[in-house]
Amino acid sequence: MVAAVEKVRAAVVNVSAEELVRIRVPSQRQGGDVADLLFGDLFERPRYRKGYQVTSLGSGVIVSPEGYVLTNNHVVERGARFRVGLLDGRELTAKVVGTDPSSDLAVLKLEAQERMPFVAPGRSDDLLIGETVIAIGNPFGLSHTVTTGVVSAVHRNFKAGDRTLFDFVQTDASINPGNSGGPLLNIDGQLIGINTAILGDRNAGIGFAIPIDRARRVAEDLIRHGEVREGYLGLDVQDLKKKEGGRSARGVVVAAVEPGSPAASAGLRRGDVIESVDGQPLESAEEYRFRVRDLAIGETARLEVQRAGGRVAVPVKAVDLSPERVEQLVARRVGLDLAETRARVLVIRSVHRGSPAAREGLEPGDLVREVNSREVTSLAEFRRQAGKARRSGRIVLLVQRGYAAERFAFDLD
């Protein structure tokens with residue numbers, strides 16, 4: 001264990017994120033009507049006065065000699081500038097290569113010329129409950145603190161607020177505030193997870209790490225593309241109805257199969273019950289969507305399907321979700337068809353009867369200004385931002401009608 005720690009300590013870093021807090025200056029429009037006074041701040045270019053900086057601390061691990069650092073998204077999500085502290089006392093600046101909020105992962109790139117120490121990735125698909133693990137990080141700002149424990153559980157799902165988080169490694173190695181983004185290592189010093197969360201009191205001995213198999217896949221996409229490119233199967237699923245006694249049957253039921261999709265080509269049909277994905281049993285439609293979003297483009301998922309004739313294994317190859325398919329997905333799940341005007345404004349062309357958009361009261365002629373707090377002025381931008389929103393499972397639209405604007409959230413799984 002001592003040899004493992006010595007081998008990797010130099011690759012564990014302290015991530016310092018400086019947040020520039022800007023304070024908005026109210027509109028100074030003079031001589032306007034009541035609407036200008038009420039809504040001027042909403043639609044004119046905002047102005048800010050000088051704010052201040054707040055420094056947050058987290059951990060990270062260097063995963064390549066080129067200086068790529070893997071950490072948590074929540075460590076860097078509000079930062080404007082980043083500095084990374086090394087074991088030898090140096091501080092280097094870093095830039096964000098990419099982030100993936102849905103998996104809570106981010107990649108930084110150190111601004112350094114020399115070859116950096118790094119931790120070799122291990123595997124998380126063969127972890128054994130009870131095997132020894134090592135956590136290294138910067139809890140409460142105490143640099144390069146080492147704690148040890150065991151793997152308490154694998155493929156652990158747990159609730160965090162109103163969300164369910166899936167497929168984590170659970171450990172009793174001490175993980176405290178500041179450990180986020182640091183490495184979880186096996187006895188050989190190989191990276192098997194990224195420490196992310198604790199449950200309950202920090203002394204409870206219940207911590208969670210993102211398995212390295214998933215983290216590595218996300219990191220590779222962020223480095224190559226700046227975003228995570230997820231696979232698409234073309235299935236809509238729903239939870240199974242509860243059995244007598246209030247317990248749900250295991251699996252999810254196929255509610256719809258998109259024509260021409262990989263699922264359709266594989267022979268899946270409405271009414272099929274999917275019991276597992278790649279050997280992992282499914283408890284809910286939410287869990288199915290998580291596991292499918294985790295598929296890389298070109299990867300084949302093995303679905304265990306129950307239908308009238310018995311159980312069959314159905315391989316389905318994930319394909320890239322094209323911009324056109326994203327727009328079709330929004331139309332199907334949300335119930336909106338959009339058009340782009342010459343004035344570079346997106347307008348709702350039609351609202352599907354009985355759809356979530358219709359239930360929220362959206363109407364043709366309403367303007368779509370933002371997708372998940374990102375301004376959109378063209379269908380191309382809308383498709384790009386909607387594609388990113390799909391990975392989080394929710395799309396939030398800022399919709400304007402006359403002088404008023406309101407945000408509406410829709411499930412996009």
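Determine whether residue 158 is open to solvent by less than 50 Å² (accessible area, probe 1.4 Å), modelled with pLDDT of 90 or more and not in a loop (DSSP other than H, G, I, E, B). Step through it out loud before you land on a result.
Details: open to solvent by less than 50 Å² (accessible area, probe 1.4 Å): yes; modelled with pLDDT of 90 or more: no; not in a loop (DSSP other than H, G, I, E, B): yes.
So residue 158 fails the test.
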Conditions (1) farther than 24 Å from residue 206 by Cα; (2) open to solvent by 50 Å² or more (accessible area, probe 1.4 Å) -> residue 172 fails only (1)
Among the strands (runs of 3 or more DSSP E) contained in segment 214-298, which hold 2 or more residues that are more than 30 Å from residue 71 (Cα to Cα) and either basic (Lys, Arg) or free of Cβ contacts under 8 Å to residues at least 40 places away in the same chain (or both)? 252-257, 273-277
Checked against (1) open to solvent by 10 Å² or more (accessible area, probe 1.4 Å); (2) polar (S, T, N, Q); (3) touching a strand residue (DSSP E or B) at 6+ places or on another chain (Cβ under 8 Å); (4) over 15 Å from residue 214 (Cβ atoms), residue 124 satisfies every condition except (4)
In the list 147, 132, 164, which residue meets the criterion of being among the polar types (S, T, N, Q), buried (at least 17 other Cβ atoms within 10 Å of the Cβ) and out of contact with any Lys or Arg (no Cβ under 7 Å at 6 or more places or on another chain)? 147
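Give 149, 181 a once-over and let me know the one that is part of a strand (DSSP E or B) and touching a residue at least 12 places away in the same chain (Cβ under 8 Å). Can you show your working first?
Values: 181 fails: part of a strand (DSSP E or B).
Result of the check over 149, 181: 149.
Quick grid of which residues meet (1) over 28 Å from residue 99 (Cβ atoms); (2) free of Cβ contacts under 8 Å to residues at least 40 places away in the same chain:
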| residue | (1), (2) |
| --- | --- |
| 345 | yes, yes |
| 353 | yes, yes |
| 359 | yes, yes |
| 372 | no, yes |
| 375 | no, yes |
| 379 | no, no |
| 384 | no, no |
| 393 | no, no |
Filtering segment 86-100 for residues that are of a type outside the set (Gly, Ala, Ser) and surrounded by fewer than 15 Cβ atoms within 10 Å (Cβ to Cβ) leaves a count of 6
Which residues, counting only those in segment 78-135, are of a type in the set (Val, Ile, Thr) and part of a loop (DSSP other than H, G, I, E, B)? 119, 129
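Under the condition of being touching a strand residue (DSSP E or B) at 6+ places or on another chain (Cβ under 9 Å) and not in a loop (DSSP other than H, G, I, E, B), which residue from segment 161-178 is modelled with the lowest pLDDT?
Pass one, segment 161-178, residues touching a strand residue (DSSP E or B) at 6+ places or on another chain (Cβ under 9 Å): 164-178.
Restricting the remaining residues to those that are not in a loop (DSSP other than H, G, I, E, B) gives 164-171.
Working: 164: 78, 165: 82, 166: 88, 167: 91, 168: 94, 169: 95, 170: 94, 171: 94.
Per the stated criteria, the residue is 164.
The values are calculated or read from the model by the stated rules, or taken from the named source; none is laboratory data. Worth saying up front: this structure is predicted, and the values here are computed from it rather than measured. Cβ coordinates were reconstructed from backbone atoms using ideal geometry, including for glycine residues, and neighbour counts include every protein chain displayed. Please note that ligands, DNA and RNA were not included when accessible areas were found on the heavy atoms of the full protein model with its side chains. Shrake-Rupley method; radii C 1.70, N 1.55, O 1.52, S 1.80 Å.
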